[in-house]
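Step one of this worksheet: look at the structure below.
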Amino acid sequence: MNQFTEIYKLKSNSDLIRIIKNPTEYQELALEAAKEELFERGVTEKDINEAEIVDIKKEEVDYIITPIFKRINLYFGSNTTEDNIILSLSVLLGLWSIIGLLQSWGLFKYALSDISNIDFSIFIFLLIMIIPPMATVLFWKRKKIGWILLAILLTYSMLESIIKFLNAYLYDKPDIIINFGIAIVFGLLLYLVCKPKIREIYRVNNKIMIHAIGWTFCYILVLYIYMIR
């Protein structure tokens, strides 16, 4: 036991692992205290070696997020039309839909293999698989329902990523920065979709926008509360 022992009892696993992974930046006593505390918590040497260290410093967040903002900012210039925004979003979301289908293709085929015996859970799964490409196509064709479906989808995905980010932060999981970045990206896409000039094309007023986003938010909130009970 040394002067660092009591202090390190208050630190998270990620903080302690970070200390061990950077031995040149800390005193020998600090390293020993960090190792002892992790050992008492049941963290093995293998866990330490495989852990992904997440250090959310302002500089690192700026390094990741700033290029995204710069790229999105290209759409706000006077030389960029709403048509270009719609086309770019349609292509981006189309790729996202295709990747999602490819990743779940095995389950998708299994769900359709015996369509006569589809239960509610399989129906929801198929719905989740079908909505992204359907929303993308309808959005590209400038249909109001396409805008509504896309707004719901982006809101759902953003809130889901925020919940995963909070869970990762509270329970010291290594994917915290990934979920943070995903939530930012979906938030920016939702912001683009909700721009007044874009909504005018789809004849979507403030009331429709608030209903689409608000009811999705309420659904996610109720679902999350139900899951943690």
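The values are calculated or read from the model by the stated rules, or taken from the named source; none is laboratory data. Keep in mind that this is a model prediction, so the values were computed, not measured. Note: ideal-geometry Cβ built from the backbone for every residue, glycine included; neighbour counts use all protein chains shown.
Below is a table of values for the structure above.
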quantity	calculated
Members of region 175-206 that are of a type in the set (A, V, I, L, M) and either closer than 27 Å to Leu138 by Cα or part of a loop (DSSP other than H, G, I, E, B) (or both)	Ile182, Ala183, Ile184, Val185, Leu188, Leu189, Leu190, Leu192, Val193, Ile198, Ile201, Val204
Residue under evaluation Asp119, criteria (1) surrounded by 17 or more Cβ atoms within 10 Å (Cβ to Cβ); (2) at pLDDT below 90, criterion not met	(1)
Sole residue being buried (at least 17 other Cβ atoms within 10 Å of the Cβ), touching a Ser or Thr at 6+ places or on another chain (Cβ under 8 Å) and aliphatic (A, V, I, L, M), chosen from Ala212, Ala168	Ala212
Residues located in region 147-174, provided they are touching a residue at least 60 places away in the same chain (Cβ under 8 Å) and not in a helix (DSSP H, G or I)	Asp172, Pro174
Some residue of region 65-85 being surrounded by 13 or more Cβ atoms within 10 Å (Cβ to Cβ), of a type in the set (D, E, K, R) and modelled with pLDDT of 75 or more	yes
